[in-house]
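Beneath this line is the structure, given in structure tokens, with notes to follow.
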Amino acid sequence: MLPGRTHVPHDCRIVADVLARIGDKWSVFAVMLLGERDYRFAELQRAMGGISKRMLSLTLKRLERDGLLVRTTFDTVPPAVSYALSPLGRSLHGAVEALGHWAVDNHLAIAAARVRFDAGAPASGVSAETAA
């Protein structure tokens, strides 16, 4: 939704649809890495650590389908394939990178809030009476 606009339910559906694609952890990792440089499949799998070949293949196909990355096949033996962000994917990279930095900067505060919440304490120093 643009600043100054009132809430429009249709906008929420658009945002939900896009976030469903780019919000999963493997898509975020792929966009973050591909924002640095082009990768071949095996390089990307090693860099992402813990992703199966099948999941990486599905993630890359989904990102390609959404126009966020470009798959280039080179006529070599064996064929080489390279993945790069498209212009649309590069426009997303900045937002994903900012979110990644925010997560790194705030993960300790989030972990502490979870511990307080799980112990039954109010979050952020708000008392139960004031929150009610």
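For the chain, the longest principal axis of the alpha carbon atoms and the long axis of helix 87-118 meet at an angle near 40°.
Backbone geometry of the stretch 54-66 corresponds, through the Karplus equation with coefficients 6.51, -1.76 and 1.60 at θ = phi - 60°, to 3J(HN,Hα) couplings of 4, 5, 5, 4, 4, 4, 5, 5, 5, 5, 5, 4, 7 Hz, x marking Gly and Pro. Annotation: amide H-H contacts under 5 Å for Ser86 (H modelled 1.01 Å from N, sequence separation of 5 or more, or interchain): Leu69, Val70.
Among the listed values (1) 1.11; (2) 1.25; (3) 1.54, the one matching Rg/Rh (Cα atoms, Kirkwood Rh) as calculated from this structure is (1). For the chain, the mean residue ellipticity at 222 nm estimated from helices alone is -19500 deg cm²/dmol, where every DSSP H run of n ≥ 4 contributes -39500 (n - 2.57) and the total is divided by all residues, rounded to the nearest 500. All other residues whose Cβ lies under 11 angstrom from that of Met32 are scored, Lys and Arg at +1 and Asp and Glu at -1, for a net of -1.
In the chain, the sites counted are trypsin sites (Lys or Arg not before Pro) in DSSP loop states with at most 14 other Cβ atoms within 10 Å, and the longest stretch holding none of them, exclusive of the sites, is 38-132.
Since every read-out is calculated from the coordinates, none of them should be taken as a lab result. Model, not experiment: these values are computed from the prediction. As a convention, Cβ positions derive from the backbone with ideal geometry for all residues, glycine included, and neighbour counts pool all protein chains shown.
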